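Everything below concerns the one structure shown next.
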Amino acid sequence: MSDTTVTPKSRWPVGLVLLAAAGTFALTMGTRQSMGLFLSSLNTATGLGLAQISLAFAFGQLWWGLTQPFAGAMADRVGAGRVLLVGVLLVTVGTVITPMMSSTAGLIFAIGVLSAGGAGMAGPAVLMATTTRLIPAEYRGLATGIVNAGGSAGQFLMAPIAGALLVGLGWASAMQVMGLLVLLALPAAFVLRGGVATAAVPAAAGAPAKPIGSRAAIGQALRNPSYLMLAAGFFVCGFHVAFLATHLPGVIAACGLPVQYGAWSLAMLGLFNIVGSVAMGWAVGRWRMKSLLSAVYAVRAVAVLVFLLAPKTGPVMLAFAAVMGLTFLSTVPPTAGLVAKFFGTTHMATLFGVVMLTHQVGGFLGAWLGGQVFDVTGRYDIIWIIDILLAVGAALIHLPIREPRLARAAA
């Protein structure tokens, strides 16, 4: 599949487009990634048990992924602005009504359907595809890193805010304030309202190419072995990220450390993910993306193994969160870059959305199994071992991906 997209010229400067996309991701991702701080309070208030509440969070991981192919297809057709508008409003409504829910079904509806679905509509599939269409091609690699870093910056900023609100206002009011903060992303829908995919005119034929639909594009992608291996690796990323985002505060509490270490560990994940994401955005233009992905997953496996063997002190927790932050979402720029390299940008929102779906299937298992294993064993060790094995597998599965070597720059 060739790239037949004509990049529309944005009326806004490149910097403002990137700020709008990164800011939206910061608010939606920062809010969602801070919800693990409320897990214990939700358990105490509802009496449902950690496994049931983890199920609601796990369903949210899955639904976040399920919405992205459809949101991407809609953004490809009508532009990102309307999709982002609805998404931001759904995140706010879902987060605000969560403290009113007292059953598993209610939590699944608020956290798993409304909030997670809205975050999927205002998520990376739509934001990155729209950004790549609204800016010149030479900035795309770095731009994906910057947009991805926006989610990390949101986590770095929102986790301490959530922790402070939790102490000052109580968990219910704190969660509702977090939901209202997401409304700050509404102006970004206006800035990013362009970016509809259009077909280019082939130079050889001199006539407009007949664009294929999203369903045909997905069919072609699913017949590509490299695309399937990329999706399999991203499944592992989702398992890892969702487990950390949901259960890292619980891991810290189980080690007998104060709750503040939970908030600051989530913040460290976000802070160092900014570094990792921007660095990866820079690196994708210089090294083969499949090699970068293999390296990231290998680092994860080694870091988790070292963490299991290390004493569980406060500084160790913060150092572990920092290392994990470097690899947390740094997989997104090369994954998005490979999708664009394989198929072009015409259906990128849709095809990257499908890859994000596999990411969130892994996320569902990471969030859900974390609660199940802890309820049964009182420890998280089994999940950590599974995470190591999956990371090693992901490092290996990227190696056979067929990616053209980078062309050497002319002297």
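Give me the pairs, please: first residue somewhere in the range 318-338 and without any contact (Cβ under 8 Å) to a residue 60 or more places away in the chain, second residue anywhere and among the charged types (D, E, K, R) and part of a helix (DSSP H, G or I), beta-carbon distance under 8 Å, and either six or more positions apart or on two chains.
Here the result reads 327/300; 334/290, each pair linking the range 318-338 to a residue that is among the charged types (D, E, K, R) and part of a helix (DSSP H, G or I).
If you go through the range 169-200 one residue at a time, how many are modelled with pLDDT of 80 or more, surrounded by fewer than 19 Cβ atoms within 10 Å (Cβ to Cβ) and small (Gly, Ala, Ser)?
Of the residues in that region, 3 qualify.
For the range 322-411, which helices (runs of 4 or more DSSP H) that fit wholly inside it have 1 or more residues that are over 26 Å from residue 264 (Cβ atoms), in contact with an Asp or Glu (Cβ under 7 Å, 6 or more places away or on another chain) and modelled with pLDDT of 85 or more?
In the range 322-411, the matching helices (runs of 4 or more DSSP H) lie at 332-343.
Pairs, please: C-beta under 6 Å, at least 6 apart or cross-chain, first residue in contact (Cβ under 8 Å) with a residue 24 or more places away in the chain and within 11 Å of residue 342 (Cβ to Cβ) and in the range 226-237, second surrounded by fewer than 20 Cβ atoms within 10 Å (Cβ to Cβ) and among the charged types (D, E, K, R)?
Listed by first residue and then by second, the contacts come to 226/402.
Can you pull out every residue in the range 258-294 that is more than 22 Å from residue 34 (Cβ to Cβ), among the aliphatic types (A, V, I, L, M) and crowded, with 18+ Cβ neighbours inside 10 Å?
Passing the criteria: 280, 283, 284, 289, 292, 293.
Looking only at residues in the range 304-319 that are touching a Leu at 6+ places or on another chain (Cβ under 9 Å) and surrounded by 15 or more Cβ atoms within 10 Å (Cβ to Cβ), which one is nearest to residue 380 (Cα to Cα)?
312
Would you mention how many residues in the range 101-134 are among the β-branched types (Val, Ile, Thr) and surrounded by fewer than 23 Cβ atoms within 10 Å (Cβ to Cβ)?
Going through the range 101-134 one residue at a time, the tally reaches 3.
Which count do you get for residues in the range 248-257 that are part of a helix (DSSP H, G or I) and either of a type in the set (A, V, I, L, M) or surrounded by 22 or more Cβ atoms within 10 Å (Cβ to Cβ) (or both)?
6
Return the residue satisfying two criteria in turn: it lies in the range 304-314 and is at pLDDT 85 or above and in a helix (DSSP H, G or I), and of such residues it is farthest from residue 230 (Cα to Cα).
For the range 304-314, the residue satisfying everything is 309.
Any chance you could count how many residues in the range 216-233 are surrounded by 12 or more Cβ atoms within 10 Å (Cβ to Cβ) and in a loop (DSSP other than H, G, I, E, B)?
Final tally of qualifying residues: 1.
Among the residues of the range 367-385, is any under 19 Å from the mean Cα position of the chain (by Cα) and within 30 Å of residue 80 (Cβ to Cβ)?
Looking for residues that are under 19 Å from the mean Cα position of the chain (by Cα) and within 30 Å of residue 80 (Cβ to Cβ), one finds at least one in the range 367-385, hence yes.
The values are calculated or read from the model by the stated rules, or taken from the named source; none is laboratory data. Since the model is a prediction, treat every value here as computed from it, not as a measurement. Note that each Cβ is placed from the backbone with ideal geometry, even for glycine, and that neighbours are counted across all protein chains shown.
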